[in-house]
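The structure appears below as structure tokens.
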Amino acid sequence: MAARSTLGRRSLLGAAVAGTGAAAVLGTGTPGHAAGRRGAAGGHDRLPTPTVIAHRGASGYRPEHTLGAYQLGLDLGADIIEQDLVPTRDGHLVCRHENDISGTTDVADHPEFADRRTTRTVDGQQITGWFTEDFTLAELRTLRATERIPAQRPNNTLYDGRWTVPSFEEVLQWADRQGRKRGRPVWLYVETKHPTYFREIGLGLEEPLARLLRRYRRHGSNAPLILQSFEPSSMQRMARLVSTPRVVLLGSATSRPWDFVAGGDPRTVADLVTPEGLREIAGYAQGIGPTLDLVIPRRPDGTLGTPTTLVADAHEQDLLVHPYTLRNENSFLPAEFRRGTDANRYGDVFGALGAYLAQGIDGIFADHPDTALLAAADARG
């Protein structure tokens, strides 16, 4: 493999970075097995393998992308807390899974914003709703967060209206406070959402994100933060701005990253998960975040099929593999791990997690991080 100027998977998973006060970015361990947390130079904790990532916070228990969801994910013991970033009209970065906030806030209950409802085309999809890029940060602060899928997670609606939409700077400050309180860094996993779309409307994500990372000293190769995007060019751009580790997210095999569509690149995700495609990714990123179906495809009846070679192929290129997303409810699980006929009832999530972890993945995104932590502990032996 060609030499790279940034940390690879072995550096991220291996020994502490030499030098006073420096530490390795991730914990030691061979795929699927690890010694758990170990001390590192400078007192930094290393993340264990497999790493449990609280997907949008503990979103199985609280409305996603709220300080409440992030705090609960941390309190439950998740190794990393995830944020998705979109911009406001005045250029601030806020934490929402999508820029359409119709279903994740109470914006529809605010008559003063009724005229902001509009139709936009985002990554080729026409969407009608309210969008963060049409609000200032001050205006967004007047809204309250709500549960995104209330029919599936009615218990989460108890917390509707309890929290605001957090800015990413607020989350960085929260993480610093929690880190001081706990005596160890709080790790963040940060996604740039729709970066090509936002760059085209003059609200590019990468430069303001890099400024915040430098301001809060999370811009180095050993910083307790990982960047991610479904658009490879966004991670290439971030590689020129900061040294923070980067992960390329991968959707279904037939899908195309939107920057490929916009730039006329005919390749699909199926091309990116070939040894050649993974070798290219390894030139500017330290890992991949594939959908679980790229690790073990599902048969037409919804059961798990034959595992692919993706994990082994990625590891051959020194890339981490952090698939997404494991959820406890039957409706999200492979068919053989569902229990009963209630789609919202919890299924055999430990069985499903065991199947994926057995493939040697380095971590997993989970809506219910406490469940994933128990399964990860089983995998570590």
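The values are calculated or read from the model by the stated rules, or taken from the named source; none is laboratory data. Owing to the predicted nature of the structure, the values given are computational and were not obtained by experimental measurement. When we count neighbours, we look across all protein chains shown, and the Cβ atoms used for this are built from the backbone with ideal geometry, even at glycine. Only protein heavy atoms, including side chains, enter the accessible area calculation; ligands, DNA and RNA are left aside. Shrake-Rupley method; radii C 1.70, N 1.55, O 1.52, S 1.80 Å.
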Practice item. Being touching a strand residue (DSSP E or B) at 6+ places or on another chain (Cβ under 9 Å), open to solvent by 10 Å² or more (accessible area, probe 1.4 Å) and outside any strand (DSSP E or B) is the filter; apply it to the stretch 318-327 and report the residue that is nearest to residue 365 (Cα to Cα). Key: 325
Exercise for review: State which residue pairs qualify: first residue open to solvent by 10 Å² or more (accessible area, probe 1.4 Å) and modelled with pLDDT of 95 or more and inside the stretch 275-287, second residue among the small types (Gly, Ala, Ser) and not in a loop (DSSP other than H, G, I, E, B) in any location, beta carbons under 8 Å apart, and separation of 6 or more residues or different chains.
Suggested key: 284/239
Point to revise | Qualifying positions in the stretch 109-154 - open to solvent by 70 Å² or more (accessible area, probe 1.4 Å), over 17 Å from residue 92 (Cβ atoms), of a type outside the set (A, V, I, L, M, F, W, C) and assigned to a loop (DSSP other than H, G, I, E, B) | key: 117, 144, 148
Review point. Within the stretch 200-236, can you find the residues that are among the charged types (D, E, K, R), touching a strand residue (DSSP E or B) at 6+ places or on another chain (Cβ under 9 Å) and outside any loop (DSSP other than H, G, I, E, B)?
Key: 206
Check your understanding: When the residues of the stretch 256-274 are filtered to those that are touching a strand residue (DSSP E or B) at 6+ places or on another chain (Cβ under 9 Å) and over 27 Å from residue 213 (Cβ atoms), which remaining residue is least open to solvent (accessible area, probe 1.4 Å)?
Key -> 269
Exercise for review: Scan the stretch 328-347 for residues that are on the phi < 0 side of the Ramachandran plot and in a loop (DSSP other than H, G, I, E, B) and jot them down.
Suggested key: 328, 333, 334, 338, 339, 341, 342, 343, 344, 345, 347
Exercise for review: Would you mind stating whether residue 188 is in contact with an Asp or Glu (Cβ under 9 Å, 6 or more places away or on another chain), touching a residue at least 40 places away in the same chain (Cβ under 8 Å), over 24 Å from residue 103 (Cα atoms) and crowded, with 19+ Cβ neighbours inside 10 Å?
Suggested key: yes
